[in-house]
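Notes follow the structure.
Any read-out appearing in this document is the output of simple, stated calculations on the displayed coordinates, not a laboratory observation. Bear in mind that the values here come from a model prediction, so they are computed numbers and not experimental data. Don't worry about glycine lacking a Cβ; one is built from the backbone with ideal geometry, like all the others, and counts go over all protein chains shown.
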Amino acid sequence: MGGTGKTPVVRAIAEHYLNEDYNVAIASRGINKEAVTIDNLHRNESLMNKLSDENREILELLNRAKSKSKKFIIYQNKNRKYSLSLFIKLIVKSNQKSVFILDDGLQHFSCPR
């Protein structure tokens, strides 16, 4: 359901964890947009253009977070389970504190609880 304040809550949670020295990933559908993975350390304008307006806004706001050394990623893909598998591969390699946030809570049952 749109307009319920999910995006500001997701953004606030992401900022909190970035400021606590976590790597942060947000999984989002990106309404009517193609799948794309983008992070703050490898800015790519062609990928930015593929983000939904909502995800572009989140990326820009998180770029201004206090912690510049930590990575945050937006996985824009209808398949949340696939986004989660990409994130798990990343955190296994990095061995750092990390958090994965679903932008629409747990309404998609494909992701394990």
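Modelled this way, with points 7 Å down the Cα-to-C-beta line, the labels at Glu20 and Lys50 are 3.2 nm from one another. The listed peptides 76-83, 47-54, ordered by packing as a protection proxy, come out as 76-83, 47-54 (highest mean of other Cβ atoms within 10 Å first).
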